[in-house]
1. For region 55-70, what does the Karplus curve 6.51 cos²θ - 1.76 cosθ + 1.60, with θ = phi - 60°, yield as ³J(HN,Hα) per residue in whole Hz, taken in order and with x for Gly and Pro?
2. Using only Cα atoms and rounding to the nearest 10 degrees, what angle (0 to 90) does helix 78-98 make with the longest principal axis of the chain?
3. Could you go through region 28-39 in sequence order and give the Karplus-derived ³J(HN,Hα) for each residue, using 6.51 cos²θ - 1.76 cosθ + 1.60 with θ = phi - 60°, rounded to whole Hz, and x for Gly and Pro?
4. All other residues with a Cβ under 13 Å from the Cβ of D142 taken together, and with Lys, Arg as +1 and Asp, Glu as -1, what is their net charge?
5. Using a cut-off of 12 Å between beta-carbons, work out the net charge of the residues near A93 (Lys and Arg +1, Asp and Glu -1, A93 not included).
6. Show that you can apply the helix-only estimate: for the chain, add -39,500 (n - 2.57) for every DSSP H stretch of four or more residues, divide by all residues, and state [θ] at 222 nm to the nearest 500.
7. Could you give the size of the charge dipole of the chain about its Cα centre, using +1 on the Cβ of each K and R and -1 on the Cβ of each D and E, expressed in debye and rounded to the nearest 20?
8. In terms of modelled amide H atoms, which long-range or inter-chain residues lie less than 5 Å from the amide H of H119?
Amino acid sequence: MDARWRKLEREPLSVTRLDTPIEREGIHRVLPHRTTMLLVDRILGVDLAEATICGEYEVRTDDPIFAGHFPGEPIFPGVLQAEAVGQLGLCMAWFAEHSRTSVTDDAVPLRAKVTRIHHARFFEPVVPGDNLEIHAALLERDALAGTAAGHIYVNGSLRSVAAFEVYFDA
């Protein structure tokens with residue numbers, strides 16, 4: 001994974017855009033997360049051949065996290081940026097498992113638990129009002145575990161990168 005991670009850390013991911021984005025209603029069928037921990041507002045693109053995905057999340061100015069992180073100088077926590085990449089990576093695992101780029105009404109979310117954050121870097125702060133463009137790639141996947149990595153951009157500027165591993169619940 002190290003060589004692919006190093007390449008992924010330096011180069012943007014290529015993602016095929018969907019004709020119609022998948023909104024929160026569809027995301028609820030793919031991810032078990034809900035407000036306040038759902039960190040993907042919409043999925044903009046899925047590329048099954050490359051196992052890449054693109055989504056976005058608006059960092060809301062009224063998010064209670066900013067009351068303590070940090071008063072007078074609010075910054076969206078790095079751990080939540082890594083979580084957003086992870087959630088989108090889990091979405092990619094769902095699309096790959098079902099070999100499709102759409103969500104059906106009977107879809108059931110994948111259940112997973114993070115077992116390891118391999119790497120994370122934070123280049124510039126993410127602040128209230130930022131619209132995050134999140135890119136993720138599924139690097140490895142089998143019946144028990146998966147590894148994904150990705151980037152977060154704000155207005156085309158790279159803000160953070162993260163790579164992590166999950167264990168899939170039966």
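Derivation of every value follows stated rules applied to the coordinates shown; laboratory data play no part. As the structure is a computational prediction, the values presented were derived from the model and not from experiment. Reconstructed Cβ throughout: ideal geometry from the backbone, glycine too, with neighbour counts over all protein chains shown.
1. Coupling constants for region 55-70: x, 9, 8, 8, 7, 6, 5, 9, 4, x, 4, 6, 5, x, 9, 10 Hz.
2. The helix 78-98 is inclined about 20 degrees to the chain.
3. Residue by residue, region 28-39 yields 4, 7, 9, 10, x, 6, 9, 3, 9, 9, 7, 10 Hz.
4. Combined, the nearby Lys, Arg, Asp and Glu give -2.
5. That sum, taken over residues with Cβ under 12 Å, equals -2.
6. That calculation yields -7000 deg cm²/dmol at 222 nm.
7. Numbers: 17 positive and 25 negative charges, 77 e Å.
Taking the Cα centre of the chain as origin, the dipole is about 360 debye.
8. Correct list: A163.
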